[in-house]
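These notes concern the structure reproduced below.
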Amino acid sequence: MNHLISWIIFNQVLILIITNILLVIVTLAYVLLTRSMVKFAERQVKVVSNPILGIRITKMHISKVDASRGRTLTVQIELVNIGNGPAIDIQIDGEIILSNSDVNGEKVIPSYTEPRRLPFLMVGEKSEDSFETNVYFRNKAILYLFDDFREEARLNQHRININPEMEAYKASKLIVIVYYSNNLGQQFKSSLEIYVNLGMEMNVDKDAKSVTVKPKEIPTDDQEIELDNHPYIRPEFRSVLIKEKEIEQELVKRNSNRKLFA
């Protein structure tokens, strides 16, 4: 025992240093653990209110040319909140992306009107099909879309004649974009991308007992038509966090071009 006491007295400085080091290590571990718990708690709070707005396109209708020589493409939208928190201050917008042509170098055509708005959608709630949620494109946008359809048909016919094994030229793309926030002020963006075309029609020749399937023709001014989803390209849906500044930049760009395609 005397030997142990003598050893402790002789090495008390070393023991004090080791003790202090251990205290520092324990304190540092406690700080790191506490910080980790705080961050986890913050993430949990954010996850508690995480709205996700799903998007479904129910109809894409192009009208006849009206008395004012105008024509409208109406994209009917259905939204449903599949998240776990309310979606607030909802803005619904849209774009057409020309795949095979452009307008003075520009391939993106924004919708005719500024974003449609809904005040909120609760968890599990679905928007009603109405004027408030539709996306609209007008006159020039439709003419440029028809031009893109024609160019796609021309390119694919040339491809078939030259090399049928080449990858087919893609159809025009329609994107529906929805901005919204949660009750914590976080901003979200949902988008649905689909490829569209005029659809197909069947011609039955009873005498020859044959059926011919071909793309529908571009409608004349006195005809109306519904666009189809491209049957071989799957829609792409995304839902992401986004900064308010990014939303403002995207809207400013679209707003500056809307009247150019009216």
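The values are calculated or read from the model by the stated rules, or taken from the named source; none is laboratory data. Since the structure is predicted, the reported quantities are computational estimates derived from the model, not experimental observations. With ideal geometry, Cβ positions are generated from the backbone for all residues, glycine too; neighbour counts draw on all protein chains shown.
Let's see how each residue does on (1) closer than 24 Å to G185 by Cβ; (2) surrounded by fewer than 16 Cβ atoms within 10 Å (Cβ to Cβ):
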site	(1), (2)
D66	no, yes
T72	no, no
N81	yes, no
I88	yes, no
V108	no, no
M122	yes, yes
D129	no, yes
Enumeration of residues in the range 142-198 that are within 30 Å of L241 (Cβ to Cβ), touching a residue at least 60 places away in the same chain (Cβ under 8 Å) and not in a strand (DSSP E or B): K170, N182, N183, L184, Q186
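Let's see how each residue does on (1) among the hydrophobic types (A, V, I, L, M, F, W, C); (2) crowded, with 19+ Cβ neighbours inside 10 Å; (3) over 30 Å from S68 (Cβ atoms):
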| site | (1), (2), (3) |
| --- | --- |
| L118 | yes, yes, no |
| N183 | no, no, yes |
| E193 | no, no, yes |
| P215 | no, no, no |
All positions within the range 82-111 that are closer than 21 Å to N134 by Cβ and without any contact (Cβ under 8 Å) to a residue 12 or more places away in the chain: none
Residue within the range 108-118 that is closer than 30 Å to I142 by Cα, assigned by TED's automatic domain parsing to the domain that holds A141, in a loop (DSSP other than H, G, I, E, B) and under 16 Å from the mean Cα position of the chain (by Cα) present: yes
